[in-house]
Number of protein chains: 2
Amino acid sequence: MRMYLECIPCMFNQGIFAARQAELSPEGQKEVLDALACLVPRISMKASPPEIAVEVYRVIREKTGLVDPFAAVKRESNENALAVYPEMLRRVKGSVDPLSLAVQIAISGNIIDYGANIRIDLKEEICRILDEEASAIAGEEKRLFDLEAFRSALSAAREILYIGDNAGEIVFDRVLIETLLRLYPDVTIRYAVRGEPIINDVTLEDALAVGMDRVCEVVDSGSPAPGAVPALCSPAFRRLLETADLIISKGQGNYEALSGTDYPVFCLLRVKCPVIAADIPAHLGDVCLFRAEARKV
Amino acid sequence: MRMYLECIPCMFNQGIFAARQAELSPEGQKEVLDALACLVPRISMKASPPEIAVEVYRVIREKTGLVDPFAAVKRESNENALAVYPEMLRRVKGSVDPLSLAVQIAISGNIIDYGANIRIDLKEEICRILDEEASAIAGEEKRLFDLEAFRSALSAAREILYIGDNAGEIVFDRVLIETLLRLYPDVTIRYAVRGEPIINDVTLEDALAVGMDRVCEVVDSGSPAPGAVPALCSPAFRRLLETADLIISKGQGNYEALSGTDYPVFCLLRVKCPVIAADIPAHLGDVCLFRAEARKV
């Protein structure tokens with residue numbers, strides 16, 4: 001997905017959020033926005049939003065002096081999600097359709113974004129999913145939820161590349177991955193993380209913190225962006241993109257990075273921004289599961 | 001009210017909206033944002049948002065080549081509002097509390113902002129107000145609605161300065177002004193417009209188009225901003241601000257311009273942005289009537 005004009009004001013909102021997260025003074029916060037403004041004329045509308053985000057967060061890092069202003073938020077997300085992990089796994093194991101429930105749980109975890117209202121959203125979302133299982137997410141939020149196509153793709157796959165998105169959410173991914181490995185014992189799954197900290201995206205540190213390495217192989221995409229933009233990934237990771245039978249792409253950033261490619265990508269995401277809603281197309285709030293390139297018209 | 005950091009991303013959203021309104025190409029739209037970005041480092045956070053808006057819309061005018069990209073939208077707003085004017089006036093005259101209903105109608109007109117969804121909002125809003133009269137606007141949207149203080153101020157006033165906000169909304173203002181002149185026959189009311197076109201704000205042309213000049217004296221504030229910022233108004237208008245017994249300030253832009261002053265200002269507005277909601281403080285969507293300086297703590 002290419003940049004939309006609306007991504008530019010959003011850049012400034014992200015700057016405000018990150019500057020406050022870093023506890024800068026009001027003057028320091030304004031300086032972050034001034035520096036972001038200097039980027040705007042250099043932004044190519046042919047780039048994808050995660051590519052531009054690399055520049056945006058470089059500016060934020062320079063101005064805040066913090067390599068990872070979201071470190072504490074990420075740790076807290078992981079801990080909160082781990083607290084509900086045993087219950088999630090127990091429910092999935094007891095479900096009449098474990099795949100359906102595990103997919104919904106994994107997508108529900110995608111509501112953890114930018115560290116806002118983590119605890120409240122998480123709790124509400126998990127109750128909603130677990131208490132009513134597959135019927136929990138109302139039909140109108142699942143207009144684009146092609147579970148049967150996903151089931152077929154899983155049956156045919158040997159090598160699955162699962163590209164993670166955010167801290168906290170990674171625990172929900174672990175529930176889905178454990179379920180996949182139980183239902184499809186012959187597949188190999190690799191879980192990919194970002195190459196360095198950006199926003200609240202998963203890195204190797206998060207994968208180790210939530211025990212993902214005890215479930216499947218964890219690989220570093222090399223991407224410094226909040227999305228696995230192929231051109232920004234390591235050569236080794238690009239080979240994995242090319243050889244995987246099935247790529248599970250979590251969240252908006254990976255959708256933005258991979259939706260224009262020919263890889264066999266299934267997107268699992270919660271629609272949280274109007275630009276993405278228009279691009280898919282879907283509605284704000286939708287819980288989506290779809291084959292990416294099948295969406296291109 | 002001073003600038004908040006959140007006003008900066010909002011500037012860019014306004015730029016996108018105006019550039020599309022002017023039917024610029026995607027490249028032209030991006031050029032508007034590039035030019036706005038150059039403004040950011042020069043923005044003082046001690047200025048009020050309407051002062052900055054003057055600079056923002058100067059850039060938009062230069063880039064679009066249009067003095068008034070909202071001219072057609074404004075005409076349409078006025079015509080749509082005039083179509084319901086006779087019915088509004090009839091209902092107010094037949095109401096048990098004409099002042100209360102006329103005030104609510106005037107504030108409901110403040111939903112006409114930036115020309116978005118004019119027809120739908122207008123129709124819904126007017127039905128809601130007229131069909132159920134004073135009870136129409138739910139209690140929780142009127143947390144800050146001090147009608148009794150406004151009634152007292154009206155009883156004590158001789159010279160009222162009514163500062164208009166948007167095209168279309170001006171017809172709703174006319175209903176309130178006619179009601180005030182009937183209930184308080186000894187008062188003099190002057191209706192103030194902006195000094196030049198900016199966004200969809202009222203100018204002399206709108207006042208004449210809706211017959212405001214047949215109801216009361218129409219005065220030019222001289223303000224080039226979307227708010228009567230005293231320093232940007234004409235000396236003649238500043239004298240009116242100083243001599244009025246009561247200033248009726250419509251909308252967010254005038255609130256931003258006048259809320260820090262000592263003038264006897266009553267604000268009538270619909271809260272449409274989270275920054276204003278935090279500043280008043282009130283909630284998004286609230287229908288507000290309050291004495292401005294009484295809100296300062």
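Of the residues making up segment B:36-68, those that are over 25 Å from residue A:12 (Cα atoms) and in contact with an Asp or Glu (Cβ under 9 Å, 6 or more places away or on another chain) are B:67, B:68. Take the conditions (1) closer than 30 Å to residue A:28 by Cβ; (2) under 20 Å from the mean Cα position of the chain (by Cα); residue B:78 misses just one of them, which is (1).
When segment A:65-82 is limited to residues that are of a type in the set (A, V, I, L, M, F, W, C) and closer than 14 Å to residue A:167 by Cα, the one that is surrounded by the most Cβ atoms within 10 Å (Cβ to Cβ) turns out to be A:81.
Across segment B:1-10, the qualifying residues are those that are at the interface with chain A (Cβ under 8 Å from one of its Cβ atoms) and either farther than 26 Å from residue A:25 by Cβ or not acidic (Asp, Glu) (or both), and the one among them that is nearest to the chain's Cα centre (by Cα) is B:10.
When residue B:178 is tested against (1) under 18 Å from residue B:154 (Cβ atoms); (2) without any contact (Cβ under 8 Å) to a residue 24 or more places away in the chain, just one condition goes unmet, and that condition is (2). Within segment B:250-276, being at pLDDT 90 or above, over 9 Å from the mean Cα position of the chain (by Cα) and within 22 Å of residue B:232 (Cα to Cα) holds for B:256, B:257, B:258, B:259, B:261, B:262, B:263, B:264, B:265, B:266, B:267, B:276.
The one condition from (1) more than 30 Å from residue B:2 (Cβ to Cβ); (2) out of contact with any Cys (no Cβ under 9 Å at 6 or more places or on another chain) that residue B:181 does not meet is (2). Looking across segment A:22-59, the residues that are more than 14 Å from chain B (Cβ to nearest Cβ) and either surrounded by fewer than 17 Cβ atoms within 10 Å (Cβ to Cβ) or assigned to a helix (DSSP H, G or I) (or both) come down to A:23, A:49, A:50, A:51, A:53, A:54, A:57, A:58. Only a single item in (1) out of contact with any Ser or Thr (no Cβ under 9 Å at 6 or more places or on another chain); (2) at pLDDT 95 or above; (3) not in a strand (DSSP E or B) is not met by residue A:190, and it is number (3).
Out of B:161, B:89, B:147, one residue alone is surrounded by fewer than 21 Cβ atoms within 10 Å (Cβ to Cβ), closer than 22 Å to residue B:253 by Cα, at pLDDT 70 or above and of a type outside the set (Phe, Trp, Tyr). It is B:147. Taking the conditions exactly as written (at pLDDT 95 or above, within 17 Å of the chain's Cα centre (by Cα) and not small (Gly, Ala, Ser)), does residue A:199 satisfy them or not? Spelling it out, it is not the case that residue A:199 is at pLDDT 95 or above, within 17 Å of the chain's Cα centre (by Cα) and not small (Gly, Ala, Ser). Is it the case, given these coordinates, that residue A:114 is modelled with pLDDT under 85 and either in a helix (DSSP H, G or I) or surrounded by 15 or more Cβ atoms within 10 Å (Cβ to Cβ) (or both)? So residue A:114 fits the description; yes. The residue of segment A:60-75 that is nearest to the other protein chains (Cβ to nearest Cβ), among those that are within 18 Å of the chain's Cα centre (by Cα) and of a type in the set (D, E, K, R), is A:68.
The values are calculated or read from the model by the stated rules, or taken from the named source; none is laboratory data. Treat the numbers as computed from the prediction; the structure is a model and nothing was measured. Using ideal geometry, Cβ is built from the backbone for each residue, glycine included, and neighbour counts are taken over all protein chains shown.
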